[in-house]
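A quick write-up on the structure given underneath.
Coordinate-derived values only; no laboratory data. None of these values were measured; they are calculated from a predicted model. In this analysis, Cβ positions are derived from the backbone assuming ideal geometry, glycine residues included, and neighbour counts consider all displayed protein chains.
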Amino acid sequence: MLDIKNIHKSFGNLEVLKGISLSIGKGEIAAIVGPSGAGKTTLLQIAGTLEKPDSGSVLFNGTELIGMKDKKLSAFRNTNMGFVFQFHQLLPEFTAQENVALPALIAGTSKKKAMEKAADLLTQLGLGERIHHKPAEMSGGERQRTAIARALINDPEIIFADEPTGSLDSANRQEIQDIFVDLRDRLGQTVVMVTHDSSLAAIADRVIEMADGKVLPPAIEVELEVTDCPEEESLPIVNPLDAGRDGSEDLVGDSVQQV
Ligand SMILES: Nc1ncnc2c1ncn2[C@@H]1O[C@H](COP(=O)(O)OP(=O)(O)O)[C@@H](O)[C@H]1O
Ligand SMILES: [Mg+2]
């Protein structure tokens with residue numbers, strides 16, 4: 001459903017994306033992982049048309065999005081794509097229900113319908129008692145669930161999530177993880193997420209590794225064990241002469257060894 005081809009992007013002299021191509025299938029959860037600064041957020045923003053590439057193509061169900069006029073693109077994005085960010089980005093002066101309803105109102109849904117659907121989604125996500133609360137009156141996990149409800153309000157074809165559990169404790173991370181699994185299993189929701197959270201990456205159908213502005217070739221091991229990726233820990237370069245030197249067979253499993 002989403003075909004990204006040969007995306008290049010620089011900020012000034014800094015070449016952040018060096019020819020990225022990937023395809024996301026309908027109903028798939030794809031996790032993009034890799035060290036900080038690899039270009040993951042930039043790629044997600046370009047895939048979600050929030051940022052423009054210098055060159056390359058983003059095809060959405062066969063429609064080229066690069067070069068589409070801003071107004072048309074905003075409308076397209078609002079109805080087809082949902083976004084969840086690390087920091088919920090809810091509007092502080094609005095209630096949870098109003099925040100969730102907003103993209104539907106923008107899409108031209110009546111206020112009554114939008115508010116009903118918002119309440120319904122929030123209830124499904126366990127926030128039935130919180131719909132009239134403002135973000136400041138909710139916990140981090142509740143805010144993030146509200147942000148997911150907002151991403152879902154227009155029944156998007158795809159959800160982009162950038163470190164959706166990045167600012168949550170482990171109980172709340174687990175909840176968000178369960179929600180994504182449920183969305184895929186129940187609705188066939190397509191999700192592209194960027195994450196450092198290894199247990200969240202583990203629910204993905206496919207893990208895409210990025211480093212230094214490129215997508216790395218698929219790892220040999222199918223059973224990916226993504227490291228819990230401390231920021232500075234980039235992919236170790238394994239010297240074949242060293243492999244197993246200390247009798248350890250962990251090299252492959254621990255570090256997602258490259259071909
Ligand atoms: N708007 C911007 N202007 C200048 N540099 C940017 C901008 N956005 C990102 N960068 C730089 O691009 C590189 C990749 O950033 P990013 O895509 O956020 O990586 P990641 O999400 O993998 O940590 C970083 O070096 C970052 O500082
Ligand atoms: Mg990022």
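Structure data summary
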item	result
Segment 93-125: GluC sites (Glu not before Pro) falling in loop per DSSP and having at most 11 other Cβ within 10 Å	Glu93
Phe11-Asp120 pseudo-label distance in nm [points 7 Å out on the Cα-to-Cβ vector]	4.0 nm
Set Lys69/Lys113; Lys26/Lys69; Lys9/Lys69; Lys26/Lys134 screened for pairs whose C-alpha atoms are more than 31 Å apart	Lys26/Lys134
Low-density loop positions, trypsin sites (Lys or Arg not before Pro), segment 53-157 - DSSP coil, at most 11 other Cβ in 10 Å	Lys69
Charge-dipole axis of segment 2-255 as Lys and Arg at +1 and Asp and Glu at -1 on Cβ define it, positive-most pick from Gln174, Val191, His133	His133
